[in-house]
Amino acid sequence: MTTIFTEMEQTARAMLARGKGILAADESTGTIEKRFKGAGIPNTEENRRDYREMLFTTPSMANYTSGVILYEETLFQKARNGTPLAEVLSRQGVVPGIKVDKGTISQPFCPGEVITVGLDGLDERLAKYKAAGARFAKWRAVITIGNGIPTHANIAANAQALARYAALCQAAGIVPIVEPEVLMDADNTIDTCFAVTENTLRCVFAELATHRVSLEHMVLKPNMVVSGKKCAVQAGIDEVATKTLLCLKRTVPSAVPGIAFLSGGQSDEDATAHLGAMNAKGPLPWVLTFSYGRALQAPAIKAWAGKEANWKLGQSHYLHRAKLNGAAQTGTYSSAMEKQFATV
Ligand code: 13P
């Protein structure tokens with residue numbers, strides 16, 4: 001008999017397969033607008049569908065892509081040949097996942113801070129998403145660094161929502177990606193990022209325990225410990241790798257099978273180099289991989305630019321970054337590999 005736990009075990013194993021990582025292609029309609037704008041692409045439903053079909057039909061994408069996080073719209077869209085986009089993925093052995101949070105709202109009495117919403121009716125939505133092929137889910141909480149923030153109220157509210165979401169997912173046999181993102185947009189030092197990330201992860205794992213979430217059947221998606229973008233002193237690759245690992249070792253139980261980082265606004269090459277440096281410092285208690293949005297897609301969006309004639313070029317750029325991040329997942333990445341661009 002396949003229980004929901006054996007099912008989730010298989011899903012988690014597939015998500016964390018060696019040499020692969022997760023493509024976060026779950027930008028909301030508002031967020032993809034920002035990404036498209038940079039490349040002059042009109043944000044129409046057709047363009048969003050075409051773009052995602054281009055990515056998901058990249059030849060041999062499955063060699064480096066274990067799963068794809070979809071936005072709800074995409075989960076119910078079909079490729080040109082009529083195949084649902086989720087099935088385009090699963091037929092290649094790539095696991096379809098789904099972003100299930102409904103974005104953020106301002107937290108009352110906590111200026112500058114947001115909480116993630118979407119728990120109401122989530123059990124029903126999960127059943128619908130599972131029937132459409134989704135095997136894992138994502139919920140993103142946002143923690144902001146600034147003057148006097150984050151507050152405990154904000155971290156606690158976000159951590160509790162993450163845990164309640166994760167419990168609902170597991171009850172439905174869906175592997176939750178638990179994503180507490182400490183933003184890297186401010187002028188803080190790397191040590192402030194370390195302290196806030198450590199505090200956040202401690203709180204998240206305490207809530208996960210309270211809500212009886214099975215650590216063996218989840219994936220953590222954290223930020224790396226980095227200098228704020230506006231900080232005058234930017235930590236180098238090795239410092240980021242060392243401090244991120246120290247922070248995670250202090251806070252993430254080894255029962256968690258895998259950690260899949262977000263890129264959070266890092267350059268494509270930095271995101272890859274950081275992951276590579278961490279894996280080169282192994283052995284580690286968990287699989288360490290990527291779940292990048294921008295750092296995997298930025299060159300592909302630019303190359304495609306919404307034009308049919310650029311389809312293969314867009315795919316080549318996606319494959320290039322996926323391949324390099326796949327190497328970073330095994331600790332075999334070197335910056336010299338950046339030049340090995342090949343067309344599909
Ligand atoms: P970025 O890698 O662009 O941060 O996106 C990952 C993600 O899924 C954020 O929720």
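The values are calculated or read from the model by the stated rules, or taken from the named source; none is laboratory data. Treat the numbers as computed from the prediction; the structure is a model and nothing was measured. Because the Cβ atoms are built from the backbone with ideal geometry, glycine has one as well, and the counts that use them run over all protein chains shown. Ligands, DNA and RNA are stripped out before the accessible areas are found, and what is left, the full protein with its side chains, is counted by its heavy atoms. Shrake-Rupley method; radii C 1.70, N 1.55, O 1.52, S 1.80 Å.
List of remarks:
- Cα gyration tensor shape of region 218-344, rounded if a/c is under 1.5, else prolate or oblate by comparing a/b with b/c: prolate
- Near the amide H of A25, within less than 5 Å, lie the amide hydrogens of I69, all on another chain or at least 5 residues away, with H placed in the peptide plane.
- Percent carbon-and-sulfur accessible area, region 251-344, ignoring ligands, DNA and RNA, probe 1.4 Å: 55 percent
- Between R80 and T29, the modelled label-to-label distance comes to 2.5 nm, taking each label 7 Å out from Cα in the direction of the beta carbon.
- Checked against a 32 Å cut-off, the cross-linked pairs K34/K281; K281/K339; K230/K307 give Cα-Cα distances beyond that limit for K34/K281; K230/K307.
- The E239 and K128 beta-carbon pair, evaluated with R₀ = 35 Å, returns a calculated FRET efficiency of approximately 0.20.
- Extension gain, E7-S254: 0.36 nm per intervening residue step, less the Cα-Cα distance, totals 86.9 nm.
- Label-point separation, L284 to A342 (7 Å along Cα→Cβ), nm: 2.7 nm
- The fraction of all Cα pairs in region 99-192 landing in successive 5 Å bins from 0 to the largest distance is 3, 13, 24, 20, 15, 11, 8, 5, 1, given as whole percents.
- Diffusion coefficient of region 166-211 by Stokes-Einstein, Kirkwood radius over Cα pairs, 25 °C, 0.890 mPa s: 200 µm²/s.
- Summed over the residues of region 1-130 and divided among them, the accessible surface reaches 46 Å² per residue at a probe radius of 1.4 Å.
- Between amide H atoms placed 1.01 Å from N, distances below 5 Å from V142 occur with T116, E181, all of them 5 or more places distant or on a separate chain.
- Cβ-defined net charge surrounding Q77, 12 Å radius [Lys, Arg +1; Asp, Glu -1]: -2
- Gyration tensor verdict on the chain (Cα atoms; rounded if a/c is under 1.5, prolate if a/b is larger than b/c, oblate otherwise): rounded
- Nearby lysines by direct alpha-carbon distance to K130 (threshold 28 angstrom, same-chain neighbours under 8 apart not counted): K20, K78, K99, K102, K138, K221
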